[in-house]
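Take a look at the structure below.
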Amino acid sequence: MTIKRDPSVAFIAAFVLVSFADIAGILFDMPLLQQVAKPLLMPVLLVWILTFSSPLPHKRLLICGLLFSWLGDIALMLEKYHALLFIAGLLCFLITHAFCISYFFKQRSPAPSLLKKYPLLVLIVLAYGTGLVLFLLPKLGDLTIPVIVYATLICTMLLCSLHIFYKVNRASAILYVCGAVFFVLSDSLLAINKFYQPFAGAGVGIMLTYCAAQFCIVKAFTVQRLSTS
């Protein structure tokens, strides 16, 4: 009897290994380890997605989102060499969130929207985004408009993940929402550390939540794909 092995296990293990290598590079101040590990994060997830000959439409939107995340990772890793690379990284992740929003909107189903059932969720997300921007506003300077645009887009992505909660299988729904929440947390930590005041453990916190966000979204896709096979 032959035992089929789930290829996802190998990709999960590879992603966890690379993630912890990057975080260890931050924690123990090993820039070379970071420079090797960080550019490998998104390629591992990309190959994982590409191994699925998925019947789900719109997979390309997630692939494009991961590609722009990879470009954003590179830009933010190199921002110490030129200030404009931070703006480039911001723009790349702005595009990433736009692709995620588009992907969520493409999930068609007659099932009701979670946001229609619980409209208070909209107010909570909007209150959080508005509060964060107001908190950072005195420190933003010339980046006020870009940060407001970015905060609007990331909150929109979170709302879209909540919108489709009943439109995909439950496991995928939970993972999509977790991914969006982790993205909001990661970007919030990044913004506070960058614009308000650097704080201890910021780099580790940012990368932990960022890696968790990307993993949850890709894992959600694979679970959704398998449920339709």
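Yes/no per residue for (1) touching a strand residue (DSSP E or B) at 6+ places or on another chain (Cβ under 8 Å); (2) modelled with pLDDT of 95 or more; (3) within 29 Å of C211 (Cβ to Cβ):
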| position | (1), (2), (3) |
| --- | --- |
| L84 | no, no, yes |
| A88 | no, yes, yes |
| I95 | no, yes, yes |
| A98 | no, yes, yes |
| I101 | no, yes, yes |
| A111 | no, no, no |
| L114 | no, yes, yes |
| L121 | no, yes, yes |
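From the list W48, W70, which one is at pLDDT below 95 and part of a helix (DSSP H, G or I)?
Among W48, W70, only W48 is at pLDDT below 95 and part of a helix (DSSP H, G or I).
One residue is enough: does the stretch 167-174 have a residue meeting the conditions surrounded by fewer than 20 Cβ atoms within 10 Å (Cβ to Cβ), of a type in the set (V, I, T) and either within 22 Å of C64 (Cα to Cα) or within 18 Å of the chain's Cα centre (by Cα) (or both)?
yes
Of the residues that make up the stretch 119-135, is at least one free of Cβ contacts under 8 Å to residues at least 40 places away in the same chain, part of a helix (DSSP H, G or I) and polar (S, T, N, Q)?
yes
One residue is enough: does the stretch 195-207 have a residue meeting the conditions within 18 Å of the chain's Cα centre (by Cα), within 19 Å of H97 (Cβ to Cβ) and either part of a helix (DSSP H, G or I) or among the small types (G, A, S) (or both)?
yes
Residues in the stretch 158-172 that are touching a residue at least 40 places away in the same chain (Cβ under 8 Å) and part of a helix (DSSP H, G or I): how many?
7
Is it true that L136 is among the aliphatic types (A, V, I, L, M), under 17 Å from V181 (Cβ atoms) and modelled with pLDDT of 95 or more?
no
For residues in the stretch 105-131 being under 26 Å from L66 (Cα atoms) and either touching a Ser or Thr at 6+ places or on another chain (Cβ under 6 Å) or of a type in the set (D, E, K, R) (or both), which is surrounded by the fewest Cβ atoms within 10 Å (Cβ to Cβ)?
R108
The values are calculated or read from the model by the stated rules, or taken from the named source; none is laboratory data. The model shown is predicted, which means the values in this text are computed figures rather than measured ones. Reconstructed Cβ throughout: ideal geometry from the backbone, glycine too, with neighbour counts over all protein chains shown.
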